[in-house]
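The values are calculated or read from the model by the stated rules, or taken from the named source; none is laboratory data. Bear in mind the structure is a predicted one, so any value in this text is a computation, not a measurement. As a convention, Cβ positions derive from the backbone with ideal geometry for all residues, glycine included, and neighbour counts pool all protein chains shown.
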Ligand code: SF4
Ligand code: SF4
Ligand code: SF4
């Protein structure tokens, strides 16, 4: 099958929708019980949707019947539905009441009647914590994190690639905190070289916590969803049916399917580290047959692990190079935004130095300091900002100073690439 119609040179998706990518995705989906062609076509159109090439209604209508036929349900979100929930104060129950007819028409029918679409029917994913939570844990800590306006909380990261030394401490810390198995690298550090440089470079890759996440748009069950209270893109492990459509639709290759029984049994996982403040099972490693990925540590953000853990992640804590800065991307005073400010000031003063003294400029460690978001041009609105240079299309992965084997990990990159994992332009 060749459906590559994104060949216009101005199309930012042209580099993604290659025949090679499609062949890899076909191989991946053929391992599931679900429709391969539907998964690939939906993934491509979900990426076109976030790139602004098609609209939400068109996307939803195009696949509605096929999704019902394949899964028996179509709970994919559409923006109108999410807005409706937000207008109801984030209270899913209240939103449903608003749609219900006086005569008690079934909620599903009522939602359709009001033009919201079947996509909105599983609303738990968007309900705010406050609305869904009977007994929120450490409410004071959560409130402190959210401070004045809950709508202004969007967790994310600034990662300074110029500071990273490839030690893999973040990789180990994430694995230990989440009980992920060998090769399930929710955090992955690529070491690479550019053609015209001798220096080794690093790309430190987590979930990008996209504000417009294509992975969410293809999920037939709403297992993959964005928490309205803080913008975390999570997977409800109780709801995921393991179709792997999200894995194909994600342009960053950060999803890892849990094939077998997890290496870490449930009784070895802290009770405070599984369910979030809404009571949904979204944290630590997934069970068998369910999709996992970096979560940005919701148990910490919800205060389940103590007030002092709110606003932190395990990978950030482990980084002795101060390369990872987690926090509220909407708050100019947060750690990541203050760090970016500091980098910009240093760059400005370095530019002055460059005028005065070219040698001193060249010696500065941050002399290349630029910032970027991965694949920003395709409209995913990632909430991870990198300081440093973006890998070019000629970047080649090399052995880092510390191997995954050295730290008791398995480097699953080859297998991950076979599954279509994005390497940020880094090739073997
Ligand atoms: S694998 Fe799970 S989370 Fe991903 S699209 Fe399928 S049901 Fe949704
Ligand atoms: S990077 Fe994360 S949020 Fe963005 S599409 Fe991939 S899995 Fe979804
Ligand atoms: S933010 Fe949390 S889940 Fe994501 S890579 Fe870091 S430790 Fe792992």
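Among the conditions (1) buried (at least 22 other Cβ atoms within 10 Å of the Cβ); (2) in contact with a helix residue (DSSP H, G or I) (Cβ under 9 Å, 6 or more places away or on another chain); (3) closer than 19 Å to residue 170 by Cβ, residue 302 misses just one, which is (3). Among the residues making up region 291-309, those that are within 16 Å of ligand 1 (Cβ to nearest atom) and either over 26 Å from residue 242 (Cβ atoms) or not in a loop (DSSP other than H, G, I, E, B) (or both) are 291, 292, 298. The set of residues in region 214-251 that are on the phi > 0 side of the Ramachandran plot and within 8 Å of ligand 1 (Cβ to nearest atom) comprises 222, 242, 244.
Name, by its number, the condition in (1) within 16 Å of ligand 2 (Cβ to nearest atom); (2) on the phi > 0 side of the Ramachandran plot; (3) surrounded by fewer than 21 Cβ atoms within 10 Å (Cβ to Cβ) that does not hold for residue 289. If we test residue 289 against (1) within 16 Å of ligand 2 (Cβ to nearest atom); (2) on the phi > 0 side of the Ramachandran plot; (3) surrounded by fewer than 21 Cβ atoms within 10 Å (Cβ to Cβ), just (1) comes out false.
Among strands (runs of 3 or more DSSP E) entirely within region 184-265, having at least 3 residues that are within 30 Å of residue 69 (Cα to Cα) singles out 224-226, 233-235.
Yes or no, residue by residue, for (1) modelled with pLDDT of 95 or more; (2) part of a strand (DSSP E or B); (3) more than 16 Å from ligand 3 (Cβ to nearest atom); (4) touching a strand residue (DSSP E or B) at 6+ places or on another chain (Cβ under 7 Å):
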| position | (1), (2), (3), (4) |
| --- | --- |
| 311 | yes, no, no, yes |
| 315 | yes, no, no, yes |
| 321 | yes, no, no, no |
| 338 | yes, no, yes, no |
| 349 | no, no, yes, no |
| 352 | no, no, yes, no |
| 369 | no, no, yes, yes |
| 385 | yes, yes, no, yes |
| 392 | no, no, yes, no |
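The set of residues from region 23-45 being over 21 Å from the mean Cα position of the chain (by Cα) and crowded, with 20+ Cβ neighbours inside 10 Å comprises just one member, 38.
You will find that of 219, 174, 240, the residue that is within 14 Å of ligand 3 (Cβ to nearest atom) and touching a helix residue (DSSP H, G or I) at 6+ places or on another chain (Cβ under 9 Å) is 174 and no other. Screening region 371-403 for residues that are touching a helix residue (DSSP H, G or I) at 6+ places or on another chain (Cβ under 8 Å) and under 18 Å from residue 193 (Cα atoms) and picking the one that is surrounded by the most Cβ atoms within 10 Å (Cβ to Cβ) gives 387. Restricting region 250-277 to residues that are more than 16 Å from ligand 2 (Cβ to nearest atom) and surrounded by 23 or more Cβ atoms within 10 Å (Cβ to Cβ) leaves a set whose member that is farthest from the chain's Cα centre (by Cα) is 277. Residues that are at pLDDT below 95, within 16 Å of ligand 3 (Cβ to nearest atom) and touching a helix residue (DSSP H, G or I) at 6+ places or on another chain (Cβ under 9 Å) do occur in region 190-211, at least one of them.
Of everything listed in (1) within 16 Å of ligand 1 (Cβ to nearest atom); (2) closer than 26 Å to residue 16 by Cα; (3) in contact (Cβ under 8 Å) with a residue 60 or more places away in the chain, the single unmet condition for residue 283 is (2).
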